[in-house]
Amino acid sequence: MAKQASIIPTAVELEQLDSTAPSEEISRPTQELIIGMVGAVGAGVSTTTTVIKNILEDEFGYTVQIIKASDIIRQNASKTKTTVPAMSGSKRITDLQAVGTELRDRFGEDYIAAKAVEMIAIGRAKDGYFEETKVPQPKSLRQATIIDSLKHQKESKLLRRVYGGIYWQFTVFAPETVREMRLKNNGIEKDKIVGIFTRDENDKEDHGQKVSKTAYLSDFFIRNDGQNDISLKSVVDRFLNIIFNISVHTPNKFEAGMYAAVSAASKSACLSRQVGAAIFSSENELISVGWNDVPRANGGLYSTDDEDMDHRCFKWGGKICHNDRKKEELYSNIFRKLESKGLLSKGVSIKNVREALIDTPVKNLIEYSRSIHAEMEAIVAASRSGKFGIMGGTLYTTTFPCHNCARHIVAAGITKVYYIEPYAKSLALELHSDSIGITDDNGQKVAFLQYEGVGPESMLKLFHHGTERKADGKACLIDKKSAFPVLPPPMDGFTTHEKRVIKHLESMEGGEVHAGGER
């Protein structure tokens, strides 16, 4: 019988790969790190970047380069209609914001990250990253690149797609009062700060800066509000030890609490956004969880288990977002009322009125949603099941509570709230400044605090990675200078990885393997 055509690489191709790679080395894990930094103006991102760089170099033996997004923007300013950014003062910040927005508008919202990828690739080739073989292959280098800093969620997503498991993202935050003080100390005029903050955190342009949405995608969250960097260094050191699996690490109470909230959010079928909440007692016992979804008769929320009785919006009433539908009706009603009263100029259309209204707080009306909010559902769920412990308890939520949820949280006796994503349209602090604060003042007000810790979506890969913890009955001792990151991906593409497996099989079996099982 004639041999079938082989789907296996030729001998020549295989000879270009390692010939005796044992199973555990076939994947050739990489040591390289790409770190993306995210943070609002004044949060101290550059300070944190320097701390990370120093620890990686001094303790882990890495070579570290920093790529400044502001340098990329400045170097490409000639491609925009905006003038070259100023070198100092508030104009430096506003010019960089304007040029960055224009670059994203013209070349794509991930443009600045793409330019960073280009710089990394060019540097890799220049510095001899590839081994001198018949077919050049990547070397395993203790090299880290830190990008300071990302401002749009598509930048983050591009880096995650390109670099996979070697990409880690850090969000750095500080209370607005601290950030404002830092800018003033750097000579930024007080009357410019509000505009800078607003555009930085959630620009109304789709291609503008979206720090709040980008921050949510991070693996680590760092509070940088101290007057020195002692606490900052301690937090960064813990996070890097977790990445490199130095000793045994487990989630602290804040990480466990936020993980419970994110897990609850995964149950939400809301067409707008998924939000989750979890309430813990003062003794740190889980009392209840909640997510935003449609309530059902006799208590609770609809779920997948309801099958043909599942009446969530994606299955019921036209399969539309009823909040959006009611808002569109509101725009139409306003237009018709203005038109009937003769208050509109000739030629003004409903489209013109709608566009004008969208730029006002009218678009942020939330009363038309069918879903109960996650925080309220967590409170209600505790009462439904007769659970005690809400008084003096802590609520973890994926998103800063709206003013409606905020007043229920206050009334329920909860003393602290931890959140990840800011919520620009919440009026909680404006309407309830008498009972809500953004600092921990020991119970004078309910403290709404940004979360610090491992990102909930990274919890399993960092705390449940399955790496051996002991050798010969003793806890493993790992040298930082030679430690690999947790679950490092292979340096080679999957097709090269396949060839390595096949070559190893041949060396073990002593023959050439062909499709169809023939030798």
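In this structure, does VAL248 turn out to be at pLDDT 90 or above and surrounded by fewer than 16 Cβ atoms within 10 Å (Cβ to Cβ)? Yes. Is it the case, given these coordinates, that ILE66 is open to solvent by less than 60 Å² (accessible area, probe 1.4 Å), modelled with pLDDT of 95 or more and within 27 Å of the chain's Cα centre (by Cα)? So ILE66 fails the test.
Within the range 216-226, the presence of at least one residue that is among the aliphatic types (A, V, I, L, M) and either modelled with pLDDT under 85 or open to solvent by less than 10 Å² (accessible area, probe 1.4 Å) (or both) is confirmed.
Suppose we keep only residues that are assigned to a loop (DSSP other than H, G, I, E, B) and of a type outside the set (A, V, I, L, M) within the range 145-176. Which one would you say is farthest from GLN227 (Cα to Cα)?
HIS152
Within the range 243-297, being within 30 Å of PHE314 (Cα to Cα) and among the β-branched types (Val, Ile, Thr) holds for VAL262, VAL275, ILE279, ILE287, VAL289, VAL294. Taking the listed residues ALA265, ALA260, ALA269, the one that is crowded, with 22+ Cβ neighbours inside 10 Å, touching a residue at least 12 places away in the same chain (Cβ under 8 Å) and not aromatic (Phe, Trp, Tyr) is ALA265, with no other qualifying. Mind checking which residues of the range 483-519 are in a loop (DSSP other than H, G, I, E, B), open to solvent by 70 Å² or more (accessible area, probe 1.4 Å) and modelled with pLDDT of 75 or more? Result: PHE484, LEU487. Residues in the range 285-313 that are exposed (fewer than 14 other Cβ atoms within 10 Å of the Cβ) and without any contact (Cβ under 8 Å) to a residue 60 or more places away in the chain were compared, and the one that is nearest to PHE388 (Cα to Cα) is ASN298. With respect to LYS474, determine if the residue is basic (Lys, Arg), at pLDDT below 95 and either in contact with a Lys or Arg (Cβ under 8 Å, 6 or more places away or on another chain) or more than 21 Å from ILE420 (Cα to Cα) (or both). When the stated conditions are applied, LYS474 passes them.
Counting only helices (runs of 4 or more DSSP H) that sit wholly inside the range 24-124, those with at least 3 residues that are acidic (Asp, Glu) are 45-60, 89-107. For THR48, the test of being of a type in the set (Ser, Thr, Tyr) and surrounded by fewer than 19 Cβ atoms within 10 Å (Cβ to Cβ) is failed.
Of the residues making up the range 448-475, those that are among the hydrophobic types (A, V, I, L, M, F, W, C) and closer than 20 Å to VAL262 by Cα are PHE448, LEU449, VAL454, MET459, LEU460, LEU462, PHE463.
Screening the candidates ASP237, ASP229 for the property of being among the charged types (D, E, K, R) and either free of Cβ contacts under 8 Å to residues at least 60 places away in the same chain or open to solvent by less than 50 Å² (accessible area, probe 1.4 Å) (or both) yields one hit, ASP237.
Within the range 272-284, the set of residues being in a loop (DSSP other than H, G, I, E, B), in contact with a helix residue (DSSP H, G or I) (Cβ under 9 Å, 6 or more places away or on another chain) and open to solvent by less than 20 Å² (accessible area, probe 1.4 Å) comprises VAL275 only. Within the range 24-41, take every residue that is at pLDDT 90 or above and among the β-branched types (Val, Ile, Thr) and give me the one that is nearest to PHE197 (Cα to Cα). Ranking the qualifying residues of the range 24-41, first place goes to VAL41. Just one of (1) of a type in the set (Phe, Trp, Tyr); (2) open to solvent by 70 Å² or more (accessible area, probe 1.4 Å); (3) assigned to a helix (DSSP H, G or I) fails for TRP316. It is (3).
Applying a threshold of 8 Å to beta carbon distances and a minimum spacing of six or more residues, or different chains, the list of pairs starting in the range 343-360 at a residue that is free of Cβ contacts under 8 Å to residues at least 24 places away in the same chain and ending at one that is open to solvent by less than 90 Å² (accessible area, probe 1.4 Å) and assigned to a loop (DSSP other than H, G, I, E, B) reads VAL353/LEU344. The residue of the range 446-463 that is modelled with the lowest pLDDT, among those that are among the charged types (D, E, K, R) and within 23 Å of SER212 (Cβ to Cβ), is GLU457.
The values are calculated or read from the model by the stated rules, or taken from the named source; none is laboratory data. Predicted model, so just to flag it, every value in this text is computed and none were measured. No Cβ is skipped: glycine too gets one built from the backbone with ideal geometry, and neighbour counts run over all protein chains shown. We work out accessible area using only protein heavy atoms, side chains counted, and drop any ligands, DNA or RNA first. Shrake-Rupley method; radii C 1.70, N 1.55, O 1.52, S 1.80 Å.
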